[in-house]
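Novice: This is the structure, below, for whatever I ask next.
All of the numbers you see were taken from the coordinates with simple rules; none came from a lab. Everything numeric in this text was worked out from a predicted model, so none of it was measured. With ideal geometry, Cβ positions are generated from the backbone for all residues, glycine too; neighbour counts draw on all protein chains shown.
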Amino acid sequence: MDHLGPSLSAYLDGALEPAERAAAESHLAGCERCRRQLAELRATARLLATVPAARPSRSLVPRLVVVPAWVRPVRSLAAVTSGLFVLVFIASAALATGLGGGGRESLLGPLSGAGTRAAQPAAPKELAATGAPSSVRGLASPAPAPAASFGFAAPQVTAVSPQPNALQDAARTSSGASGPGAAAASSTPAGQGATAGAPVPSVAVSFGVAEPTGAQLGPTPLLWLALALASALVTFVAHRRANAA
Amino acid sequence: MSRVAAEGASAFLDRARRGDPKAFESLAGEHERALYAHVARILGPGADAEDVVQDAFVSAWRSIAAFEGTSFRAWLFRIATNRAIDLIRARRRRGELPLEPADEEGEPTWAEPAAAGPDLATLAGDREAIAVVEIALATLPAEQRAVLLLRDVEGFDYEEIARITATQIGTVKSRIHRGRLAVRNALVARGWTGSAG
């Protein structure tokens, strides 16, 4: 009978068909030479399995997740901006509450529903405020908040009675929300007051002359809070994006 | 335990197939070392072997949507093994490597030891013997070396090896046997002998 020869490795690896395998086993039982060769091949295979593994000198996994160049700067900028807005919010809220009950009301104003009522007329004024070169002064000036966003009463009062004294009286008796606006109008010449019938001019008046009566920063402290939250959100998103790689 | 092992390789494979680069990177990381060690045994360790593995990963990522098999590992080994063999052929064409003997036909010879020596079966872990094995491996034809490594080091079965190397089962059987016999002959030439099992 022929020796197993090339079939020895296949037998060793369990790769023979059942019939071939049975034939190989019966041959091995009676052939000392094939048994010896099988043992040598088995020992060789075991030695091969222990050949040491080389290690790469660097990472070989390609970087598939690429962080766009803008993500990290945006994350830093948004984080700083968020912090600044929080500070401005705190300062603004402190100034607003410093005015007493009026400031508190101006804080709560938009939440109490007046904001929705005033939303339409307020919108263009706020646009004007942000677009105007005096907007920086506007930040430090008190009047815009009541006048522009929810102190809808103030321009109306101005329209009805342009007399400064009447306004001041109204300011003392009315809620604080209209206070700063009225105070701003109080230093306005009567002639200008007459032109303040339309909402937009009344804002211009407030911006122009209201500094001495500073009450809060910007239209409303809640704006700064919202900006702070928005910046924090941008920071968070950019951070997630940067860490995705 | 790695993230891939903890969460299940098939979940990562599904995500990678849907185009999730992060999942692919995790999967590739699982096979990086074994794949490099395999390619380094075929090509020799170094920058070429590293480039082959890295290129294999890039190629696998580009065609992952078309991958329909079940063994991601076998698929990676196929890409990397074929690239390594292609590189050896290119080196040979450029004259950087001598032409290697073609696979012989017929029954390979069993070298007989000059004198009785220590039993091959006692050599497990023997450094000198392993060095002889490495040298013998390096002298095999590249295709034979690759197939023998896929069997005895990586543990793929004959059918998987036939798919990996795109050859017939008969060719795989023949290459494994010839490769093993050549390594055995190298060991016997150094004085080791086999004993009847």
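Novice: Sorting A:V61, A:V80 on the 10 Å Cβ count, fewest up front, what's the list?
Specialist: Neighbour counts put them in this order, fewest first: A:V80, A:V61.
Novice: With the Cα gyration tensor of segment B:3-93 giving a ≥ b ≥ c as the square roots of its eigenvalues, does the rule (a/c under 1.5 for rounded; else a/b larger than b/c for prolate; else oblate) give rounded, prolate or oblate?
Specialist: In terms of gyration-tensor shape, prolate.
Novice: Would you kindly calculate the translational diffusion coefficient of segment B:120-189, applying Stokes-Einstein with the Kirkwood radius from alpha carbon pairs, for 20 °C and a viscosity of 1.002 mPa s, and quote it in µm² s⁻¹ without decimals?
Specialist: D, rounded to a whole number, is 173 µm²/s.
Novice: In segment A:27-81, which trypsin sites (Lys or Arg not before Pro) are in a loop and have at most 10 other Cβ atoms within 10 Å, using DSSP for the loop call?
Specialist: Passing sites in segment A:27-81 are A:R58, A:R63.
Novice: Using θ = phi - 60° and the Karplus relation 6.51 cos²θ - 1.76 cosθ + 1.60, list the HN-Hα couplings for segment B:45-62 in order, rounded to whole Hz, with x at every Gly or Pro.
Specialist: x, x, 4, 4, 5, 5, 5, 4, 5, 4, 5, 5, 5, 4, 5, 4, 5, 5
Novice: Placing +1 at every Lys and Arg Cβ and -1 at every Asp and Glu Cβ, with all other atoms neutral, what dipole size does segment A:27-102 have around its Cα centre, in debye to the nearest 20?
Specialist: Value, rounded to 20: 580 debye.
Novice: Using alpha carbon centroids, what distance separates segment B:58-83 and segment B:9-23, in Å?
Specialist: 13
Novice: For B:D119, what residues show an amide H to amide H distance below 5 Å, using hydrogens built from the backbone and excluding near sequence neighbours?
Specialist: Answer set, sorted by chain and number: B:T193.
Novice: Next question, about the same structure. Give me A:T50, A:T220 ranked fewest to most by other Cβ atoms within 10 Å of their Cβ, as a rough exposure proxy.
Specialist: With the fewest neighbours first, A:T50, A:T220 line up as A:T50, A:T220.
Novice: About the Cα centre of segment B:120-189, what is the dipole size in debye to 20, counting +1 per Lys and Arg Cβ and -1 per Asp and Glu Cβ, all else neutral?
Specialist: Result for segment B:120-189 is approximately 240 debye, rounded to the nearest 20.
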